[in-house]
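The values are calculated or read from the model by the stated rules, or taken from the named source; none is laboratory data. Computed from a predicted structure; not experimentally measured. FYI the Cβ positions are ideal-geometry reconstructions off the backbone, even for glycines, and counts take in every protein chain you see. These accessible areas exclude ligands, DNA and RNA; they are computed on the full protein's heavy atoms, side chains included. Shrake-Rupley method; radii C 1.70, N 1.55, O 1.52, S 1.80 Å.
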There are 2 protein chains.
Amino acid sequence: PAMAPTPIPPDPAAPVFADTQTLLPVIAQDDQTGEVLMLAYMNREAYEETLRTGQAVYYSRSREALWRKGDTSGHVQRVRAILLDCDRDTILLRVEQVGAGACHEGYRSCFFRQVTPEGLRVVAERVYDPNITYGPG
Amino acid sequence: PAMAPTPIPPDPAAPVFADTQTLLPVIAQDDQTGEVLMLAYMNREAYEETLRTGQAVYYSRSREALWRKGDTSGHVQRVRAILLDCDRDTILLRVEQVGAGACHEGYRSCFFRQVTPEGLRVVAERVYDPNITYGPG
């Protein structure tokens, strides 16, 4: 009799991507300073390319395509460590952020604004001019 | 003639919750050490209760209810600062983690395992016994 195909067991050492469409949140943290730089998403393909290349590759929800961080700006992220949370559904990348910043608005971290009773307050310095890096928006 | 109801403009100083169902990811980071403790989610109600009380309130996707962090364990998170990312769709809470840890598995951070070529490696020390805090699972 024909045998049923053997299901591939989920890898206990990998994030839980239920299928190729699953997106998991990824926190990028500066490995030296501990600063949280950004949050983005990975699908399984992005995760595997990150593992293979040692540089952060995300999945862009707006462009619906792999997003090789730094391809346009040169601000790549070299991966120093990958940690998984207790449920294995969030990824923490400890990275060396190459170039001035992670944020396309010219800041080192995307979290450059604080919620205050008077509204959002910018609490970081601009470290590069996004008009030069990306061209006028 | 009857006037159309005036739409409430979105608050430019708040995270972008499109509606009451929207969940946004929230990174909790130790305000003193910079350690990333956990990632959870908030809906608008959880965010507003967090603002009001100064303690982290999340939305539990598994229980489909507000999750007042520390209600069972006592390990509440006192909010020291709230930062928003450039798209206002991710929240970074800088917190004072009260009690031993943020993770229900007994670790200070949920990110206690690192991906290595030999599989997942525990890279943190257990700081409390979850069987005592939560009862035998």
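Odds and ends about this structure:
- Once you reduce segment B:50-118 and segment A:66-99 to the center of their Cα atoms, the two points are 21 Å from each other.
- Calculated label separations, A:LEU51, copies of the chain, 7 Å along the beta-carbon direction, nm: 4.2
- The protein assembly as shown: C-alpha gyration tensor shape, a/c 1.5 cut-off, then a/b vs b/c: rounded
- Per residue, the protein assembly as shown exposes 54 Å² of accessible surface when a 1.4 Å probe is rolled over the protein heavy atoms with every protein chain present.
- Innermost chain B residue relative to the axis carrying B onto A, by Cβ distance in angstrom: B:GLY34, 1
- In sequence order, calculated HN-Hα J values of segment B:96-101 (Karplus, 6.51, -1.76, 1.60; Hz; x Gly/Pro): 9, 7, 7, x, 6, x
- Per-residue [θ]222 nm for chain B (sum of -39500 (n - 2.57) over DSSP H runs n ≥ 4, rounded to 500): -3000 deg cm²/dmol
- Shielding of A:110-118 by partner chains, average beta-carbon count, 10 Å: 6
- Protein heavy-atom surface of chain A, 1.4 angstrom probe: 50% of the accessible area is carbon and sulfur, with nucleic acids and ligands not counted.
- For the pair B and A, the buried accessible area comes to roughly 2800 Å² in total, with a 1.4 Å probe and the value rounded to the nearest 100.
- Nonlocal amide H pairs with B:TRP67, under 5 Å, H built at 1.01 Å: B:TYR58, B:TYR59, B:SER60
- Around the amide H of B:TYR107, modelled in the peptide plane, lie the amide H atoms of B:VAL127, all under 5 Å away and 5 or more residues distant in sequence or on another chain.
- Between helix B:44-53 and chain B: long-axis angle, C-alpha atoms, 0 to 90°, nearest 10: 70 degrees
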